[in-house]
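Heads up: the structure comes next, in structure tokens.
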Amino acid sequence: MDQRLWMVSGFAQDDWKLLPNLTVNLGLRYDFATPALEGKNQQANFDPTANGGAGGLVFAKSGSLKDRALINPNYKNFGPRLGISYSPDTKTVIRAGYGYYYSMFERFGSENQLALNPPFLINKAPAVASNSTTPALITQNGFPQTSWIPRRSICRSFRPSISAR
């Protein structure tokens with residue numbers, strides 16, 4: 001799994017001294033981070049509208065950022081900043097500020113990494129001889145319980161339980 005991210009940020013600000021003891025600071029920050037991309041486009045996501053509304057997996061493909069990430073990237077992350085500094089006397093300064101901030105990478109664990117969705121999560125080679133005519137996986141049986149362990153898991157104690165219907 002070769003995940004890639006890139007980020008672009010910019011910031012502009014200016015100060016205005018409205019009175020000898022009152023200063024206002026205004027700023028604007030822009031942040032953009034790509035959704036997680038997998039180097040070989042080996043990502044899958046569930047789309048409830050696929051297959052005529054029956055739902056199904058959609059797969060990443062070469063093309064736009066949306067095609068590769070399987071989610072709509074957010075290009076509107078503008079964060080205004082406002083700061084005020086007031087000095088009622090020569091020994092005291094009162095400051096206040098406001099800002100709108102974006103958390104670009106909420107990467108706790110692996111639940112938001114589409115490269116860890118089936119069929120790309122499977123990392124167990126079936127114990128079947130190479131000349132066998134018996135299928136290694138049968139769809140109605142589901143995936144083997146131990147096949148869902150990610151190769152590079154952050155949390156090794158997570159073992160989902162899977163059962164066939």
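The values are calculated or read from the model by the stated rules, or taken from the named source; none is laboratory data. This structure is a prediction, so every number in the text was calculated from the model and none was measured. For neighbour counting, all protein chains shown are included, and Cβ atoms are generated from backbone atoms with ideal geometry for every residue, glycine included. Just so you know, the surface numbers come from the protein's heavy atoms only, side chains and all, with ligands and any DNA or RNA stripped out. Shrake-Rupley method; radii C 1.70, N 1.55, O 1.52, S 1.80 Å.
What the table below lists for this structure:
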item: Leu57 vs. criteria touching a residue at least 12 places away in the same chain (Cβ under 8 Å), touching a Pro at 6+ places or on another chain (Cβ under 7 Å) and open to solvent by 80 Å² or more (accessible area, probe 1.4 Å); result: no
item: Residue ranges of strands (runs of 3 or more DSSP E) in segment 32-119 with at least 3 members modelled with pLDDT under 90; result: 44-47, 56-59
item: Val24 vs. criteria β-branched (Val, Ile, Thr), assigned to a strand (DSSP E or B) and exposed (fewer than 14 other Cβ atoms within 10 Å of the Cβ); result: no
item: Filter pass, Asn72 being open to solvent by 90 Å² or more (accessible area, probe 1.4 Å) and polar (S, T, N, Q); result: yes
item: Answer residue from segment 1-47, given it is within 14 Å of the chain's Cα centre (by Cα) and polar (S, T, N, Q) and is nearest to Pro73 (Cα to Cα) among those; result: Thr34
